[in-house]
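Peer 1: Okay, here's the structure, questions in a sec.
The values are calculated or read from the model by the stated rules, or taken from the named source; none is laboratory data. Please read these numbers as outputs of a predicted model, since none were measured by experiment. Every residue, glycine as well, gets a Cβ built from its backbone with ideal geometry; the counts of neighbours run over all protein chains shown. Surface accessibility is based on the protein's heavy atoms, side chains included, excluding ligands, DNA and RNA. Shrake-Rupley method; radii C 1.70, N 1.55, O 1.52, S 1.80 Å.
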Amino acid sequence: MNVVVLLGAPGAGKGTQAPPLAARLGIPVVATGDLFRAAVRDGSQLGREARRYMDAGQLVPDEITVSLLLERLARPDAAAGVILDGFPRTAVQAKALDVALAERGASVSVAILVDVPADELVRRMSGRWICRAAGHPYHETSSPPRAAGICDVDGSELYQRADDQPTTIRARMDQQLGALAQVVEHYRASGVLRTVDGLQPIEAVSAAVGAALAGTGVAMAR
Ligand code: ADP
Ligand code: ADP
C-alpha cells in the first residue's frame, strides 16, 4: 500500500498537486477538507458540527476528523494506496494514522512538505476559486480556468470558499501553522519527510514532487 502524505500550510498548493499526482500513481486522493465540505453540503450532523470550526478557521477536533478519515480509508478503492491531502494536521492525527496503517502492515511511504512563505499563502487563498463537483482549485491570476467560472476538468461551476475571506485566512494561519510544524517534525523523526519549494510555478512544483518520490518505493503507474 502506497501512502503519500501531502503537507503544507493552507493555500500552499496541496489541492493543486494532488489530482495530477493521483493520476500518475493510479491511486485516489483523500482530502479531509473536501470530505468536510461534502458533509456540510449534505447537511449531515457531522457537517453541521464541522462547519462551526471551518467557518472560524479552526481545526475540526481530532476525534471527528480521524473517524471520518478511517471510514474513507476502509473503502475498497483505497486498498492499493492513497494520497492524503490535508491529513494529518495534528500530531494526534499523525499518530492515529500510523496505528491504523500498522494494523494493515503498512506505513506512510513519504510525506512531502510543499513549502511556501506566509505572504504568498495569503495571496493564493485570496484569489482561489474551486469547483463545486470535486474541489479542483484555480487562481484568478496564477492559474485561471480556460473559460471564466467553469472547471477545466469537469465543467462544474467555480466558487470562492467561505473560509477564503481575509479575516478567516489570518485565523487559519494563526491556528494551524503551529500544528503543521508538529506534523512536519513527526515525519522528520520517522525519516520519511521530503521538502519541495512550493514558490515555483505549478508545473515546476509537480516535477519536484515527482522527484521527491525517488527512492521511497512509490512507483508511477504512468
Ligand atoms: P486548505 O486547502 O486551505 O488547506 P482544507 O480544504 O484542507 O483547507 O480544509 C478546510 C478546513 O477543513 C480547515 O480549515 C479545517 O477547518 C478543516 N479540516 C480539513 N482537514 C482537517 C484536519 N485534518 N483536521 C482538522 N480540521 C481539518
Ligand atoms: P491547498 O490545497 O494547499 O490549500 P491549493 O492547491 O488550493 O492549496 O492552492 C491555493 C491557491 O494557490 C489556488 O488558487 C491555486 O490555484 C494557487 N496555486 C497553487 N499552486 C500554485 C503555484 N505553484 N503558484 C501559484 N499559484 C498556485
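Peer 1: In the stretch 91-115, how many are open to solvent by 20 Å² or more (accessible area, probe 1.4 Å), within 22 Å of residue 178 (Cα to Cα) and assigned to a loop (DSSP other than H, G, I, E, B)?
Peer 2: The qualifying residues number 0.
Peer 1: Anything in the stretch 124-160 that is within 16 Å of ligand 1 (Cβ to nearest atom) and touching a residue at least 40 places away in the same chain (Cβ under 8 Å)? List them, or say none.
Peer 2: Residues satisfying the conditions are 124, 125, 126, 128, 130, 134, 135, 136, 137, 142, 143.
Peer 1: OK, next. Answer yes if at least one residue in the stretch 148-171 is of a type in the set (Lys, Arg) and farther than 22 Å from residue 24 by Cβ, and no otherwise.
Peer 2: The answer is yes; a qualifying residue exists.
Peer 1: Could you tell me how many of the residues in the stretch 59-70 are at pLDDT 95 or above and more than 10 Å from ligand 1 (Cβ to nearest atom)?
Peer 2: Total meeting the criteria: 2.
Peer 1: If you go through the stretch 171-200 one residue at a time, how many are part of a helix (DSSP H, G or I), within 13 Å of ligand 2 (Cβ to nearest atom) and not polar (S, T, N, Q)?
Peer 2: 4
Peer 1: Then there's this: Contact list please: Cβ distance under 8 Å, first residue in the stretch 5-19 and closer than 15 Å to residue 182 by Cα, second residue surrounded by 23 or more Cβ atoms within 10 Å (Cβ to Cβ) and of a type in the set (Asp, Glu), pairs at least six apart or on different chains.
Peer 2: Final answer for the pair search is 6/85.
Peer 1: Among the residues of the stretch 29-51, is there at least one that is closer than 26 Å to residue 117 by Cα and either open to solvent by 60 Å² or more (accessible area, probe 1.4 Å) or more than 10 Å from ligand 1 (Cβ to nearest atom) (or both)?
Peer 2: Yes, the stretch 29-51 contains a residue that is closer than 26 Å to residue 117 by Cα and either open to solvent by 60 Å² or more (accessible area, probe 1.4 Å) or more than 10 Å from ligand 1 (Cβ to nearest atom) (or both).
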